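A short write-up of the structure that comes next.
Throughout, read-outs are computed from the coordinates displayed, never taken from laboratory work. If you're wondering where the values come from, they're calculated on a predicted model, not measured in any experiment. Here the Cβ is made from the backbone with ideal geometry for all residues, glycine too, and neighbour counts use every protein chain on show.
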Amino acid sequence: MKSWPAIDFGHTSYDAAFTRGDVYGVVPDAERAKRRPLTVAVAGAGGVAQAKWIPAIRHLQTKGEPVAVTAIADPRAEVAEKAAALAGSAAFADVAAMLDARRPDILLVLATDAAHVPIATQAIELGIPCLIEKPLARNFTEATDLVRNAEQAGVLLASVANKRFSPPYAMAKALIEAGALKSTPSVFTGKFTLGYPYVDLLEGGTVHLLDLVQWFMGPVSKLHARGIRCDDGGLLSAVVSFAFASGAIGSLTTSAAAMSFKPWERVEIIGRNAFLVVDDQIETTLYDDETGPAKSWRPVVPNTLMFDEAFGGYAGLLENVLDAVRGLAPLATPAKDGAAAVGLIEAIRRSLAEDRDVDIAAEGLAP
């Protein structure tokens, strides 16, 4: 490989800072401004809406993206009103009333997990594209039914897979596609720890890595999981082994038992005499030379111009969905991929309950 992929790691370029005098990246962008203006409505105004998606929209607006939040719905009046004030939009108590009154170009489905399918179904019936937070649905049947309904209606349906747009993971993907591993990926190992007692370990956290494992390695053909239960019967920790359709193998360790006020994660991908490491979604390292140095990418710290909505992948994902709605770019995170992650969650639960291998395709868990 003669050149490195051009992935922005959150740094301000020399040209922006010293030639254009635009260190904050806010100078009007004529090409971006030419894009078709779009309106966004938000269903669910909780923490993920206020801490991730509204800031991501503001981040894009600051860069000149022609997008506006038209309305936010949440049954909790004070929550809806606060989020609407943050976004400069109207507050509604009911999603149906909001969609009837405002009819957005795209709906962000950020409500509780159980509400994802009912809310998205309402939008699909109205022909409104959706971006749905993870997990896409609470079970695989609901997820695939939702995907099929959207396809039949010709409505764009995207799943949240923001880590694909986070620079360290995007760099790893670009390096693999450029041949840095000297072969197709042969082994995947992942680690995820989550300490929040109010979040389901698989649906609320591990789902991110279940998306990444298939993004990097392709479809899973079989898996086997072993776990440790909490006193109340909930899943505390699990180790999952994978067999991929490509012939590659892998494993994933996930736990709510480790010290983890902040979720921690690590991904390693092995090729042939080379391997990649993405450590805690902050640094990507390529080991590809027995006698030479490793190659490493990480943001300059501190970097006051780097924000979670950008480095976390939220702004990049949203920008892709907006351009997919405009017909300017292919959708990078189709809902079918979200359904595949839900299928793996269901397979893991079956394997834990029955202590056996689960054949993904044979048991109808592949979208």
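Subtract the Cα-Cα distance of Gln152 and Asp289 from 0.36 nm times their separation in residues, and report this length gain in nm to one decimal. Length gained, Gln152 through Asp289: 44.4 nm. Any idea how far the Cα center of region 146-199 sits from the one of region 9-34, in Å? Answer, in whole Å: 28. Neighbours of Pro135 by Cβ distance under 15 Å: Lys/Arg scored +1, Asp/Glu scored -1, total -4.
Once backbone amide H atoms are built at 1.01 Å from N, Thr70 has Val40, Ala41 as its partners under 5 Å, excluding neighbours fewer than 5 places away on the same chain. Largest first, the extents of the alpha carbon coordinates of region 260-367 on the three principal axes equal 46, 46, 33 Å.
The number of Lys pairs in the chain with C-alpha atoms less than 16 Å apart, excluding pairs fewer than 8 positions apart on the same chain, is 16. All C-alpha pair distances within region 14-162, sorted into 10 Å bins from zero, spread as 11, 38, 31, 14, 5, 0 percent across the bins. Computed from the C-beta positions of Ala174 and Ala258, the FRET efficiency with R₀ = 45 Å rounds to 0.90. Using the Cβ of Lys82 as centre and a radius below 11 Å, the other residues enclosed give a net charge of -2, where K and R count +1 and D and E count -1.
Count the net charge of all other residues whose Cβ sits under 13 Å from the Cβ of Leu352, scoring Lys and Arg as +1 and Asp and Glu as -1.
Once all neighbours under 13 Å are counted, the net charge is +1.
Label separation (Ser296 vs Arg266): 1.4 nm, computed from points 7 Å beyond Cα along the C-beta direction. Ratio to report: Rg/Rh of the chain, with Cα atoms as the point set and Rh obtained by the Kirkwood method; give two decimals. Rg divided by Rh gives 0.97.
Between Arg32 and Ile7, the modelled label-to-label distance comes to 2.2 nm, taking each label 7 Å out from Cα in the direction of the beta carbon.
Working note: 222 nm ellipticity from helices only, DSSP H runs with n ≥ 4, each -39,500 (n - 2.57), summed and divided by the residues of the chain, gives -9500 deg cm²/dmol to the nearest 500.
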